[in-house]
Amino acid sequence: AWVRDILSTHWCACSHLEYAIVRALCPAQREALGDTISTMLCFQSFDHLRHAQDVVIYLVELERHSDAVDDAAGKRAWMEDPVYQPMRRLAERILNTGDWAELMIGLNLAVAPLLQQVALSFLVRANAGANGDDVAAQIITTTERDRRRNLAATEAFVRMVLDPTVPAVAENRAVIEEWLA
């Protein structure tokens with residue numbers, strides 16, 4: 001049940017959101033205003049690509065040892081399961097976010113903590129040990145580390161644009177609050 005239901009279905013379905021984030025971050029890093037920010041967005045896109053690939057690679061390896069792997073279950077869940085339709089709509093919104101700062105702030109201050117952290121950390125990592133799956137737990141631990149780094153970079157950016165000495169601080173705060181809402 002762990003491999004079939006949680007890994008092949010739910011974890012793999014979540015990897016489709018990771019790929020949507022990669023596709024959104026690639027053009028965003030080109031539009032960012034400076035090398036520091038564009039480099040951060042570029043590395044974040046690599047993180048999400050690795051997260052999506054880790055799921056697929058792990059399932060391919062598990063398939064050698066378990067008949068429970070269903071390589072089509074994740075995509076089927078992503079495309080058809082009503083549980084994943086809100087996440088698919090979110091992925092579409094992420095893909096259509098044209099502002100690099102809105103994308104960075106929305107992903108790292110809202111999407112990652114509320115959705116990816118809950119889905120991956122609580123569903124997969126928290127239950128992996130009880131199912132004898134140290135590898136899945138380790139993979140999620142690396143994604144958590146990446147998300148903490150991206151969160152720290154985004155928090156630093158927000159502190160910079162909301163510094164009281166910035167002339168447009170009130171406008172910046174209103175824009176960020178609108179994005180997060």
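The values are calculated or read from the model by the stated rules, or taken from the named source; none is laboratory data. Note that the coordinates shown come from a computational prediction; the quantities given were computed from them, not determined experimentally. All Cβ positions, even for glycine, are placed from backbone atoms using ideal geometry, and neighbour counts span all protein chains on display. With ligands, DNA and RNA removed, areas are computed over all heavy atoms of the protein, side chains included. Shrake-Rupley method; radii C 1.70, N 1.55, O 1.52, S 1.80 Å.
Here is a yes/no grid of residues against (1) modelled with pLDDT of 95 or more; (2) under 17 Å from V111 (Cβ atoms); (3) touching a strand residue (DSSP E or B) at 6+ places or on another chain (Cβ under 8 Å):
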{"residue": "A24", "(1), (2), (3)": "yes, yes, no"}
{"residue": "A28", "(1), (2), (3)": "no, yes, no"}
{"residue": "A32", "(1), (2), (3)": "no, no, no"}
{"residue": "I37", "(1), (2), (3)": "no, no, no"}
{"residue": "Q44", "(1), (2), (3)": "yes, yes, no"}
{"residue": "I57", "(1), (2), (3)": "yes, no, no"}
{"residue": "R64", "(1), (2), (3)": "no, no, no"}
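Across the stretch 2-35, the number of residues qualifying as charged (D, E, K, R) and more than 20 Å from M87 (Cα to Cα) comes to 4.
Quick check on T154: is it open to solvent by less than 40 Å² (accessible area, probe 1.4 Å) and either in contact with a Pro (Cβ under 9 Å, 6 or more places away or on another chain) or within 16 Å of I37 (Cβ to Cβ) (or both)? Against the criterion (open to solvent by less than 40 Å² (accessible area, probe 1.4 Å) and either in contact with a Pro (Cβ under 9 Å, 6 or more places away or on another chain) or within 16 Å of I37 (Cβ to Cβ) (or both)), T154 qualifies.
Per the listing E80, E102, the residue uniquely touching a residue at least 24 places away in the same chain (Cβ under 8 Å), of a type in the set (D, E) and over 11 Å from L17 (Cα atoms) is E102.
Of the residues making up the stretch 157-181, those that are open to solvent by 50 Å² or more (accessible area, probe 1.4 Å) and within 18 Å of S38 (Cα to Cα) are R159, M160. Condition test on A136, is it in contact with a helix residue (DSSP H, G or I) (Cβ under 6 Å, 6 or more places away or on another chain) and either modelled with pLDDT under 95 or of a type in the set (A, V, I, L, M) (or both)? Taking the combined requirement at face value, the residue satisfies it.
Which of the helices (runs of 4 or more DSSP H) found entirely inside the stretch 1-84 contain at least 1 residues meeting this: touching a helix residue (DSSP H, G or I) at 6+ places or on another chain (Cβ under 6 Å), crowded, with 19+ Cβ neighbours inside 10 Å and among the polar types (S, T, N, Q)?
Fully inside the stretch 1-84 and qualifying: 12-31, 35-63.
The set of residues in the stretch 12-29 being without any contact (Cβ under 8 Å) to a residue 60 or more places away in the chain and among the β-branched types (V, I, T) consists of V22 alone. Screening the stretch 136-151 for residues that are within 11 Å of D47 (Cβ to Cβ) and hydroxyl-bearing (S, T, Y) and picking the one that is surrounded by the fewest Cβ atoms within 10 Å (Cβ to Cβ) gives T142.
For the stretch 158-181, the tally of residues that are over 12 Å from G106 (Cα atoms), assigned to a helix (DSSP H, G or I) and touching a helix residue (DSSP H, G or I) at 6+ places or on another chain (Cβ under 9 Å) stands at 4. Tell me whether the stretch 109-130 contains one or more residues that are small (G, A, S), open to solvent by 80 Å² or more (accessible area, probe 1.4 Å) and out of contact with any Leu (no Cβ under 8 Å at 6 or more places or on another chain). Within the stretch 109-130, one or more residues are small (G, A, S), open to solvent by 80 Å² or more (accessible area, probe 1.4 Å) and out of contact with any Leu (no Cβ under 8 Å at 6 or more places or on another chain).
At pLDDT below 95 and out of contact with any helix residue (DSSP H, G or I) (no Cβ under 9 Å at 6 or more places or on another chain) - does that describe any residue in the stretch 99-112? No. Residues that are of a type in the set (A, V, I, L, M, F, W, C), over 19 Å from F43 (Cα atoms) and open to solvent by 50 Å² or more (accessible area, probe 1.4 Å) within the stretch 91-108 are absent altogether.
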